[in-house]
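To keep things clear, I will list the structure first and then write my remarks on it.
The values are calculated or read from the model by the stated rules, or taken from the named source; none is laboratory data. Being a predicted model, the structure only gives us computed values, none of them experimental. Neighbour counts are summed over all protein chains in view; Cβ atoms, including those assigned to glycine, are modelled from backbone coordinates with ideal geometry.
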Amino acid sequence: MTLAFRGLEMHGRRMWDRARVVQALDFCAAHGLNALVLHESDLAHQIVYPRACFDPYALWTDAPARRGENAIFNNRAYFAHVLELAAARGVAVWVNVKEIGFSDEVLELKPDLVKDGAICPSEPWWMEYVAAKTDELFGDFPRLAGMIVSAGSQESRASPVQRKCRCGLCLRDTLPQWYERLILALHAPAKRHGKRLAIRDFAYKPADHAPLIEAVGRAPADVVFSIKATPHDFYPTFPDNPAIGALRREQWIEYDAMGQFFGWGVFPCFAFDDLKARLARWRALGAGGVIFRTEWERINDLSCFDNLNEANLVAAAALARGEEIGPAEVCRRWLAARGFPEAAAPWLASLLAETWPVVRRAAFLNGHVFADNSMFPRSVKRCWWGMEVRDSLTAWEPARAADLALDRAKLAALLAEKDEAVALAKALMARVEAGDAALGPVLHRWLKRAFAHYDTWVEGLRSCARVCLHARWAEGGNANAGDLAQLRAAIESLEAFGAGIEALAADPAAPHQRAMLIDPRRAADVAREGRAVLARATSSGSR
């Protein structure tokens, strides 16, 4: 079954690069995707003032009505041009933003919005502002199809889920009430201009998830529910988002093809099996659309179009159209588009099938989010805070609550998981190095570059994990002298690893994203904190 809405999402600075937008639109046209989603939190107030609040014709005194007004003029002209480019290819354009979002001049215009140093999201004026901004957006850009709004995000400039403002209005307000007011403020101008509104599920914890679902359930019938594939973020080891199928209304599911949590494509990972299985479940739950993310806003100059993870996008587009397609055909299409030998498709598919088993063991701990957005952990404490709080699997699967409560058996199993990751990575690298006759010399060289230092990344994750695991065990009070010796050995090994990758990370010929994923400074931070844990545990044991 073909899904009616099939979107490609640009989620970074490349949406402001005409050539990259054309590349995305050409992919949409070639692969049957019918929507381009431009995702930037503050996109709306980069292209509207709004004029209900600020006069674009105002004469300057000491400052313009909106700082950077010529940039706004540029953005408006560029955005209108993108809409025309998309229309010529039959692709609808949507914006994806976070609310409440605003320019700094708003706080100068309405200083009473700040109470005791915090922005109050419950002040009624905000809904007037959101409505005016949305009305201007659709009025000025009639080719825009609609907007997707994250209403419950802790990453917006102001939201009650942040719980910063403690004024009487905020204390009396409930999340469902606030969400409902915001949805209606957005929906009225959208409907007036004949446009669609989608409310996006972006909640860190179930406590914020349920109120949003409740509010969307009461929204006008034409409001779409846009839902992340997995709760909170795009964690491939997590279950499907429980919001999928929770409401009887049109729903679109968002999936990350680029791999924020599985190597960014800098270290390739083929998500075909996961995507195919999830799409089947989503269809069964009534999903009518999908959005495939191609980049991550926190990293500049990187997209799945740059590397092998583009194969994820090729697969996603075909599966969304209801095609019965397998990995070899996905690879054949990718190879053909790149001008590589199509005969190499079966070999490449078999190689890519080995990537997820490596990444699952390297970047996760028994499915829990160990790596920091695919990077080495920032510290021992941040590693455990990430798994237990920020990126908690347990919050969404309470049955997994005991997973990270270490005993000797769990400690050994988690350490073994990382050893398996390294062994599998080395075997994968050996296959890449050996190649295959079907590749030809050009493709073989390309693949060796694409997988360069894959095993180094996995080894770094293992080395960090050893310190983080042994440090947690030492802090639990159950460590004996042998355990502390293992922690010391893990620290020394990580320090040696960090020293060994300094030149690799500093290589000016390599992309900076690889330096982020193989970062000796993070290794040093984890080792340093490990030494502090070792010192405390040794001191405690000597008393």
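Test Trp264 against the criterion of being surrounded by 24 or more Cβ atoms within 10 Å (Cβ to Cβ), touching a strand residue (DSSP E or B) at 6+ places or on another chain (Cβ under 7 Å) and not assigned by TED's automatic domain parsing to the domain that holds Trp446, and give yes or no.
Working: surrounded by 24 or more Cβ atoms within 10 Å (Cβ to Cβ): yes; touching a strand residue (DSSP E or B) at 6+ places or on another chain (Cβ under 7 Å): no; not assigned by TED's automatic domain parsing to the domain that holds Trp446: yes.
For Trp264, the condition - surrounded by 24 or more Cβ atoms within 10 Å (Cβ to Cβ), touching a strand residue (DSSP E or B) at 6+ places or on another chain (Cβ under 7 Å) and not assigned by TED's automatic domain parsing to the domain that holds Trp446 - is not met.
Across the stretch 197-231, which residue is surrounded by the most Cβ atoms within 10 Å (Cβ to Cβ) among those that are of a type in the set (Lys, Arg) and in contact with an Asp or Glu (Cβ under 7 Å, 6 or more places away or on another chain)?
Applying the first criterion (of a type in the set (Lys, Arg)) to the stretch 197-231 yields 200, 205, 218, 228.
Narrowing the set further to residues that are in contact with an Asp or Glu (Cβ under 7 Å, 6 or more places away or on another chain) leaves 218, 228.
Numbers: Arg218: 13, Lys228: 24.
By that ranking, first place goes to Lys228.
Gly245 passes all but one of (1) on the phi > 0 side of the Ramachandran plot; (2) part of a helix (DSSP H, G or I); which number fails?
(2)
Just the residues that are over 12 Å from Asn366 (Cβ atoms), in a helix (DSSP H, G or I) and not aliphatic (A, V, I, L, M), please, taken from the stretch 381-409.
Lys381, Arg382, Cys383, Trp384, Trp385, Gly386, Glu388, Arg390, Pro398, Arg408
Residues that are closer than 22 Å to His368 by Cα, in contact (Cβ under 8 Å) with a residue 40 or more places away in the chain and in contact with a helix residue (DSSP H, G or I) (Cβ under 9 Å, 6 or more places away or on another chain): which helices (runs of 4 or more DSSP H) entirely in the stretch 450-517 hold 3 or more of them?
On the way: elements: 454-475, 481-500, 502-505, 512-517.
Output list reads 454-475.
Among the residues of the stretch 147-163, which ones are farther than 15 Å from Phe102 by Cβ and surrounded by fewer than 17 Cβ atoms within 10 Å (Cβ to Cβ)?
Scanning the stretch 147-163 gives Gln154, Arg163.
Does any residue of the stretch 493-504 turn out to be farther than 22 Å from Leu406 by Cβ, among the hydrophobic types (A, V, I, L, M, F, W, C) and in contact with a Ser or Thr (Cβ under 6 Å, 6 or more places away or on another chain)?
Within the stretch 493-504, the first condition is being farther than 22 Å from Leu406 by Cβ, and the residues that meet it are 495-504.
Still in the running and among the hydrophobic types (A, V, I, L, M, F, W, C): 496-497, 499, 501, 503-504.
Adding the requirement that they be in contact with a Ser or Thr (Cβ under 6 Å, 6 or more places away or on another chain) leaves 497.
Yes - at least one qualifying residue is present in the stretch 493-504.
Among the candidates Cys170, Cys120, which residue alone is farther than 24 Å from Val48 by Cα and modelled with pLDDT of 90 or more? Spell out how you get there, then give the answer.
Working: Cys120 fails: farther than 24 Å from Val48 by Cα.
Just a single option satisfies the conditions, and that option is Cys170.
Among the listed residues Ala336, Ala362, identify the single one that is crowded, with 19+ Cβ neighbours inside 10 Å and either aliphatic (A, V, I, L, M) or in contact with a His (Cβ under 6 Å, 6 or more places away or on another chain) (or both).
On the way: Ala336 fails: crowded, with 19+ Cβ neighbours inside 10 Å.
Just one listed residue meets the conditions, Ala362.
Please list, ordered by first then second residue, the pairs with beta carbon atoms under 6 Å, 6 or more apart or interchain, first in the stretch 218-229 and at pLDDT 95 or above and aromatic (Phe, Trp, Tyr), second surrounded by 21 or more Cβ atoms within 10 Å (Cβ to Cβ) and assigned to a strand (DSSP E or B).
Going by the 6 Å Cβ cut-off, the qualifying pairs are Phe225/Gln251.
Do we find a residue being within 18 Å of the chain's Cα centre (by Cα), modelled with pLDDT under 95 and charged (D, E, K, R) anywhere in the stretch 286-295?
Within the stretch 286-295, the first condition is being within 18 Å of the chain's Cα centre (by Cα), and the residues that meet it are 290-295.
Narrowing further to those that are modelled with pLDDT under 95: none.
No, the stretch 286-295 has no match at all.
Restricting to the stretch 289-342, what's the tally of residues that are assigned to a loop (DSSP other than H, G, I, E, B), under 21 Å from Val21 (Cα atoms) and among the hydrophobic types (A, V, I, L, M, F, W, C)?
Within the stretch 289-342, residues that are assigned to a loop (DSSP other than H, G, I, E, B), under 21 Å from Val21 (Cα atoms) and among the hydrophobic types (A, V, I, L, M, F, W, C) number 4.
So how many residues does the stretch 51-92 have that are within 24 Å of Leu25 (Cβ to Cβ) and among the hydroxyl-bearing types (Ser, Thr, Tyr)?
1
Got a sec? Which of Asp26, Asp55 is farther than 23 Å from Ser159 by Cα and either crowded, with 21+ Cβ neighbours inside 10 Å or more than 29 Å from the chain's Cα centre (by Cα) (or both)? Write out each step before concluding.
On the way: Asp26 fails: either crowded, with 21+ Cβ neighbours inside 10 Å or more than 29 Å from the chain's Cα centre (by Cα) (or both).
Residue meeting the stated conditions: Asp55.
Look through Ile299, Ile291 and report the one residue that is in contact with a Ser or Thr (Cβ under 8 Å, 6 or more places away or on another chain), in contact (Cβ under 8 Å) with a residue 24 or more places away in the chain and on the phi < 0 side of the Ramachandran plot. It would help to see each step written out before you state the result.
Values: Ile299 fails: in contact with a Ser or Thr (Cβ under 8 Å, 6 or more places away or on another chain).
Answer to the selection: Ile291.
What's the total number of residues in the stretch 223-239 that are out of contact with any strand residue (DSSP E or B) (no Cβ under 9 Å at 6 or more places or on another chain) and of a type in the set (Asp, Glu)?
0
Please specify each residue of the stretch 419-469 satisfying the condition of being closer than 23 Å to Ala509 by Cα and charged (D, E, K, R). Break it down into steps so the answer makes sense when it comes.
Taking the stretch 419-469 and keeping what is closer than 23 Å to Ala509 by Cα, we get 429, 432-433, 441-460.
Across the stretch 419-469, the qualifying residues are Glu433, Arg445, Lys448, Arg449, Asp455, Glu459.
What is the number of the single condition among (1) assigned to a strand (DSSP E or B); (2) over 19 Å from the mean Cα position of the chain (by Cα) that Ser226 does not meet?
Unmet condition: (2).
Taking the stretch 5-49, which residues are in a loop (DSSP other than H, G, I, E, B) and of a type in the set (Phe, Trp, Tyr)? Can you show your working first?
Going residue by residue through the stretch 5-49, those that are in a loop (DSSP other than H, G, I, E, B) are 11-12, 17, 32-34, 40-43, 48-49.
Hit for the stretch 5-49 is Tyr49, nothing else.
Take the residues of the stretch 29-44 that are under 22 Å from the mean Cα position of the chain (by Cα) and aliphatic (A, V, I, L, M): which is surrounded by the most Cβ atoms within 10 Å (Cβ to Cβ)?
Checked the stretch 29-44; the qualifying residue surrounded by the most Cβ atoms within 10 Å (Cβ to Cβ) is Val37.
How many residues, within the stretch 6-32, are under 17 Å from Ala87 (Cβ atoms) and among the aromatic types (Phe, Trp, Tyr)?
Total meeting the criteria: 1.
Among Pro121, Pro142, Pro176, which is the only one that is free of Cβ contacts under 8 Å to residues at least 60 places away in the same chain, closer than 23 Å to Lys205 by Cα and part of a loop (DSSP other than H, G, I, E, B)? Steps first, answer last, please.
Working: Pro142 fails: closer than 23 Å to Lys205 by Cα; Pro176 fails: part of a loop (DSSP other than H, G, I, E, B).
Exactly one residue qualifies, and that residue is Pro121.
Quickly run through the stretch 58-88 and pick out the residues that are part of a loop (DSSP other than H, G, I, E, B) and surrounded by 15 or more Cβ atoms within 10 Å (Cβ to Cβ). Write out each step before concluding.
As a first pass, look at the stretch 58-88 and keep what is part of a loop (DSSP other than H, G, I, E, B): 58-68.
The answer is Pro64, Ala65, Arg66.
From the set of residues in the stretch 359-387 that are free of Cβ contacts under 8 Å to residues at least 60 places away in the same chain and touching a strand residue (DSSP E or B) at 6+ places or on another chain (Cβ under 8 Å), which is farthest from Asp274 (Cα to Cα)?
Arg382
Answer yes or no: is there a residue in the stretch 191-214 that is on the phi > 0 side of the Ramachandran plot and in the same structural domain as Gly146 (by TED's automatic domain parsing).
Let us first name the residues in the stretch 191-214 that are on the phi > 0 side of the Ramachandran plot, namely 194.
Cutting the leftovers down to in the same structural domain as Gly146 (by TED's automatic domain parsing) gives us 194.
Checked against the condition, which is being on the phi > 0 side of the Ramachandran plot and in the same structural domain as Gly146 (by TED's automatic domain parsing), the stretch 191-214 yields at least one hit.
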